[in-house]
Amino acid sequence: MEIGIAAVGGYLPMLRLDRKLAARELAWSGLAMPRTGFRAVAGWDEDPVTMAVEASRALVAMPPRALRFASTSAYFTDRAQGALLVDALALPPSLRTTDLANSRRAGTAALLDALLSGHDEVIVAAEKRDTQPGSAAHLAYGDGAAAIRTGKDPAARLAGHASLTSDFIDRYTSRDHPTPYAYEERFVRDTAVKKLLLPAIEAACAAAGITAEQIAHAACVEPVANCWKTVAKRLRCAAPNHCEALSNAAGDLGAAHPLFGLGIALGAAKPGDFVLLVGFGSGVDALVFEVTAMVPGAGEIATLLTEGEVIRDFVRFLNLTGAVSLDWGMRAEFEQKAQATVLERVGRDTIGFIGGRDSTGNVQFPKSAIPVNPTIEGPEPLEDVRLADEQASIVSVTADRLNFSPDPPFDFGLVQFDNGARVLMEMVDRPSGGFKVADRVRMCLRIKAQNVRLGFRTYFWKAAPVARPRLGEG
């Protein structure tokens, strides 16, 4: 049986920066490019792990054989993010995971390797990259994640592929220069098109037994603007590049960009269409897919571009992206250190949000040796219940501006789950009118606490509105 794409998923943070706002704020400096579209901005408690979980949740109802995580901005450098995803998604510990990094091509490389392995796998890429304020990347980059599940009897089969590896330096980051340094655009465009993009795409089309003119949709990462326009003209290809729309609506998502763009392209394609995927970074991966059926998840991924809440305050954007360091006063002067022994004992239940059901049917979190149910007087084993997948209603809520939060106010309250459990928890993605009692909420994984001095963070689930606003509302 053929292995191909079985389903896709994506995630963008709720917040968006209107680049026109940034242009106005930076007008005095002349550093206002680009001036159109939006940039997806992660919340203070979002990172590549939390966004990867959101992108892949719908793809793991049945555990895959393996999971591959790709990112150039993963927080931990000596701790596998894939292991965190296994626990957060409540996948079996026997699942094999791989972390890929150090190239914006990591996402397409992971996908191609999975397809060539012939296995049922989930590939997820996520980014939240550091950028220098005032740089083009600060406004052009965006935060987000994309996931793809491979499988047999696919909705889109791999028809052909080609890869070129090259130490071509169009931009770089390093330990001594953690924000991107970009080289001159004309040099990058001319070299990338001639030596990398054109040869790889032509080879992939030849392997698929088609001409470039037969490509109906493309998801091509451009190292600089207008690369696809030049490539398409030389190949006589009229296919729209859906990565361009993604860049305009959310920004350049790094390793996640080609996979997210592919999801949009598959949503626009019809059976029989050929779709081109191109990843760029230290070379090129070019993959040609033939669509055989509607791809699950592809119809929804484009709608993410129309959702979100616009940030009206440029200083808030600077704060969320780490461009400014505000003095939060004595309330922020505390450290939260997670003990490895505690994480070993209850870490999987915590990051997986797994509570317990007693013999009477009462559900509680956290689990305990003796259930909290007053009708039970002694110890008894509890049945695992994953609360992360349950919806709930707000019973009580407080918007606290005295307790420290990097993006106030600090919303928290009591949440009543539909299965009976009640949990006191934080609330995120605040609606324009604030949270209210009886509001319906869903669970999303976020950073719970950060120890900046030790460079460590812990994760837990928070309550977010079930529905998201559409851009322009409010």
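Some observations on this one:
- Residue that is nearest to the chain's Cα centre (by Cα) [pool: residues in region 412-432 that are of a type in the set (A, V, I, L, M, F, W, C) and under 21 Å from residue 368 (Cα atoms)]: 425
- A Cβ distance below 6 Å, combined with a sequence gap of six or more or placement on separate chains, defines the contacts here; from region 131-160, residues that are in the same structural domain as residue 208 (by TED's automatic domain parsing) and β-branched (Val, Ile, Thr) reach residues that are at pLDDT below 95 and outside any loop (DSSP other than H, G, I, E, B) in the pairs 131/137; 131/138; 150/3.
- Options 232, 245: the member that is of a type in the set (Gly, Ala, Ser) and touching a residue at least 24 places away in the same chain (Cβ under 8 Å): 245
- Taking the criterion of being among the acidic types (Asp, Glu) and either outside any loop (DSSP other than H, G, I, E, B) or closer than 29 Å to residue 295 by Cα (or both), the residues of region 128-172 that qualify are 143, 153.
- Where helices (runs of 4 or more DSSP H) sit wholly within region 1-98, those with at least 2 residues that are β-branched (Val, Ile, Thr) occupy 48-56.
- Taking the criterion of being surrounded by fewer than 16 Cβ atoms within 10 Å (Cβ to Cβ), small (Gly, Ala, Ser) and more than 26 Å from residue 74 (Cα to Cα), the residues of region 411-460 that qualify are 420, 432, 433, 434, 438.
- Subset of region 17-37 that is modelled with pLDDT of 80 or more and basic (Lys, Arg) - its residue that is nearest to residue 305 (Cα to Cα): 19
- When the helices (runs of 4 or more DSSP H) confined to region 197-274 are screened for residues that are under 19 Å from residue 38 (Cβ atoms) and in the same structural domain as residue 41 (by TED's automatic domain parsing), those reaching at least 2 such residues are found at 242-249, 257-268.
- Verdict on residue 114 being within 26 Å of the chain's Cα centre (by Cα), closer than 28 Å to residue 36 by Cβ and crowded, with 17+ Cβ neighbours inside 10 Å: no
- Filtered residues of region 434-474 (kept if among the small types (Gly, Ala, Ser) and within 18 Å of residue 392 (Cβ to Cβ)): 434, 438, 463, 464, 467
The values are calculated or read from the model by the stated rules, or taken from the named source; none is laboratory data. All of these numbers come straight from a predicted model, not from anything done at the bench. Cβ: placed from backbone, ideal geometry, glycine included. Neighbour counts: every protein chain shown.
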